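Presented below is the structure to which this report refers.
The values are calculated or read from the model by the stated rules, or taken from the named source; none is laboratory data. The structure presented is a predicted model; accordingly, all values stated were derived computationally and were not measured. Methodologically, a virtual Cβ is constructed for each residue, glycine included, from the backbone with ideal geometry; neighbour enumeration extends over all protein chains shown.
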Amino acid sequence: MAILQILQYPDPRLHTIAKKVLQVNDITRKLIKNMAQTMYAAPGVGLAATQVDVHEQIIVMDVSELHNELRVFINPEILHSSGEQEGEEGCLSVPGIYENVRRADKVTVQALNQTGESFTLEAEGFLAVCIQHEMDHLKGKVFVEYLSQLKQTRLRAKLKKRQREAM
């Protein structure tokens, strides 16, 4: 297993739309293991393949307190959403930035697991938010794009300055 490099916003590769996984195989499962290891090491609660510069529809997630309930979503699709909530979100691709984002409170998602079996999950609250957040990555969208243009401009400038100082 390996720790993968996480792309940092405003890297343009974060805006690449992920393609469907055509076959769940050993290569897919190896990527999932590496993504999980990367997510846990970061540390984070979710990671989309887009964030590690692999443009396939794969998400790993673990919102449990003990970080021992890994969930895998391959080719996820939201079948239904309802309600609304607003809460603070962060992102491994936008380190140190936390902003309020409005999302559906409940979602029903259909996906494949790491063995290629289809499943449907009804999620609410934090899990529902995480699913929507990670699915946005697969569509080439980063959570800060829900913010006003002024906030986005300030964030980009702040992150670019931080990147220059790190060099």
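A few points about this structure:
- Residue within the stretch 10-31 that is modelled with pLDDT under 95, under 17 Å from Asp136 (Cβ atoms) and not in a helix (DSSP H, G or I) present: yes
- The set of residues from the stretch 98-142 being surrounded by fewer than 21 Cβ atoms within 10 Å (Cβ to Cβ) and under 15 Å from the mean Cα position of the chain (by Cα) comprises Tyr98, Val101, Phe126, Leu127, Gln132, Asp136, Lys139, Gly140, Lys141.
- Positions within the stretch 91-101 being in contact with a helix residue (DSSP H, G or I) (Cβ under 7 Å, 6 or more places away or on another chain) and assigned to a strand (DSSP E or B), in sequence order: Cys91, Val94, Ile97, Glu99, Val101
- Qualifying residue in the stretch 110-119 (condition: in contact with a Gly (Cβ under 8 Å, 6 or more places away or on another chain), within 18 Å of Val45 (Cα to Cα) and not small (Gly, Ala, Ser)): no
- Of all residues in the stretch 139-160 being out of contact with any Asp or Glu (no Cβ under 9 Å at 6 or more places or on another chain) and of a type in the set (A, V, I, L, M, F, W, C), the one that is farthest from Leu7 (Cα to Cα): Leu150
- Filter pass, Leu14 being out of contact with any Leu (no Cβ under 6 Å at 6 or more places or on another chain), touching a residue at least 40 places away in the same chain (Cβ under 8 Å) and crowded, with 16+ Cβ neighbours inside 10 Å: no
- Failed item in (1) of a type outside the set (Asp, Glu); (2) modelled with pLDDT of 95 or more; (3) within 26 Å of Ala157 (Cα to Cα), with Leu70 passing the rest: (3)
- Filter result for the condition that a residue is more than 17 Å from Phe119 (Cα to Cα), among the acidic types (Asp, Glu), in a loop (DSSP other than H, G, I, E, B) and out of contact with any Cys (no Cβ under 6 Å at 6 or more places or on another chain), over Glu86, Glu69, Glu65: Glu65
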